[in-house]
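Encoded as structure tokens, the structure appears first; notes follow it.
The values are calculated or read from the model by the stated rules, or taken from the named source; none is laboratory data. Since we're looking at a predicted model, the values are computed, not measured. Methodologically, a virtual Cβ is constructed for each residue, glycine included, from the backbone with ideal geometry; neighbour enumeration extends over all protein chains shown.
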Ligand SMILES: *Cc1c(COP(=O)(O)O)cnc(C)c1O
């Protein structure tokens, strides 16, 4: 990786994050070299090299891993989905170990933990992640402290440095699911966190056309263990998906900036709307959760009434989407029935507002 702007993990780059998003993971600058890494479709390689087989490595993954590693400040491994990355981290927990996890963590993460617990593999201890003292107390018997901040879709924020210090004192690893914030708004490895997890499906790829996950760590031993698990289990990404995610990453800073400024403007205007009892926003990022005063039916009506906003699950794409989260059986019962999660895209904010306002006007009383 020759682009001289690619920092060695942990060594600090001469450039800022928006520049790293554009420059990291490029081929060497030799005459007639392509500016972009090619998509290498290969299940096997000529014998004698360090890779040998398609499950062990791929040059297109490597370019993406270099770029994402540079953005988070560690070494990156990519996976077939966010949940494949989550499963690989949970696999670090020894028999009977305790995992501390926010009760409002992503439903798939909670479901994996419940499944492992029901099979006697580990124990999950659900916490209110905004109650720092309670989380710190729970760290005492933990093998792994799972943080997601902001949480999906409650948008609660954790005190990452304080919890990380307490977890390390107790000898536990700390992981942050950084899907919502992206490395542009939050870099957990700088707070001493051991592992960062992403659903690259969301903001990193950013165009609702890829399923992919990633783990980033600053710890070489953990990296080797996780690489060993990926080699063995085989939840590897496709080369085309890796290429699309790297292409998406090139505009991550532009998309996140625009989604965030759109979200901030919408939050200001939504605060006044009579159809809503609550607007939740952590102050940064592109996800906003609104609660309809009239509950479930009004929230379902809103999902049907918008013309520009698309009724769809997932988030972090260029297009604005919305969904009532409790339409999923797996969503926590403590999430209000009338909560609609908005994933604010990069469209013109006036169009987003007019469409949302008109739909909400039809959901009052
Ligand atoms: C979507 C999501 C995941 C799971 O990622 P997939 O790519 O869907 O497997 C994990 N964590 C968070 C916060 C998510 O939003």
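Some values worked out for this structure:
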{"read-out": "Residues of the stretch 82-124 satisfying the condition of being within 16 Å of the ligand (Cβ to nearest atom) and either in a loop (DSSP other than H, G, I, E, B) or modelled with pLDDT under 95 (or both)", "value": "91, 103, 104, 105, 106"}
{"read-out": "Some residue of the stretch 107-120 being crowded, with 24+ Cβ neighbours inside 10 Å, within 17 Å of the chain's Cα centre (by Cα) and within 20 Å of residue 194 (Cα to Cα)", "value": "yes"}
{"read-out": "Residue check for residue 362: surrounded by fewer than 22 Cβ atoms within 10 Å (Cβ to Cβ), modelled with pLDDT under 95 and away from the ligand (no atom under 14 Å from the Cβ)", "value": "yes"}
{"read-out": "Positions within the stretch 141-152 being within 13 Å of the ligand (Cβ to nearest atom) and at pLDDT 95 or above, in sequence order", "value": "146, 147, 148, 149, 150, 151"}
{"read-out": "Filter pass, residue 68 being within 15 Å of the ligand (Cβ to nearest atom) and under 30 Å from residue 253 (Cα atoms)", "value": "yes"}
{"read-out": "Positions within the stretch 71-81 being away from the ligand (no atom under 16 Å from the Cβ) and closer than 13 Å to residue 195 by Cα, in sequence order", "value": "73, 74, 75"}
{"read-out": "Members of the stretch 132-148 found to be buried (at least 24 other Cβ atoms within 10 Å of the Cβ) and part of a loop (DSSP other than H, G, I, E, B), listed by number", "value": "142"}
{"read-out": "Strands (runs of 3 or more DSSP E) wholly inside the stretch 155-268 containing at least 3 residues that are away from the ligand (no atom under 16 Å from the Cβ)", "value": "none"}
{"read-out": "Matching entry among 347, 354, 337, 323 (being at pLDDT 95 or above and surrounded by fewer than 17 Cβ atoms within 10 Å (Cβ to Cβ))", "value": "354"}
{"read-out": "Candidate set: the stretch 286-298, residues that are within 20 Å of residue 268 (Cα to Cα) and more than 16 Å from the ligand (Cβ to nearest atom); chosen: the one nearest to the chain's Cα centre (by Cα)", "value": "290"}
{"read-out": "Residue list for the stretch 159-199, restricted to those being on the phi > 0 side of the Ramachandran plot and crowded, with 23+ Cβ neighbours inside 10 Å", "value": "182"}
{"read-out": "Residues that are assigned to a helix (DSSP H, G or I) and more than 19 Å from residue 267 (Cβ to Cβ), drawn from the stretch 317-338", "value": "326, 327"}
{"read-out": "Count - residues of the stretch 289-316 that are in a strand (DSSP E or B) and either touching a residue at least 60 places away in the same chain (Cβ under 8 Å) or out of contact with any strand residue (DSSP E or B) (no Cβ under 7 Å at 6 or more places or on another chain) (or both)", "value": "2"}
{"read-out": "Positions within the stretch 317-342 being touching a residue at least 60 places away in the same chain (Cβ under 8 Å), touching a helix residue (DSSP H, G or I) at 6+ places or on another chain (Cβ under 8 Å) and within 16 Å of the ligand (Cβ to nearest atom), in sequence order", "value": "328, 330, 331, 332, 335, 339, 341, 342"}
{"read-out": "Cross-chain or 6+ apart pairs with Cβ under 6 Å, the stretch 184-202 first and within 21 Å of residue 83 (Cβ to Cβ), then within 15 Å of the ligand (Cβ to nearest atom) and at pLDDT below 95", "value": "none"}
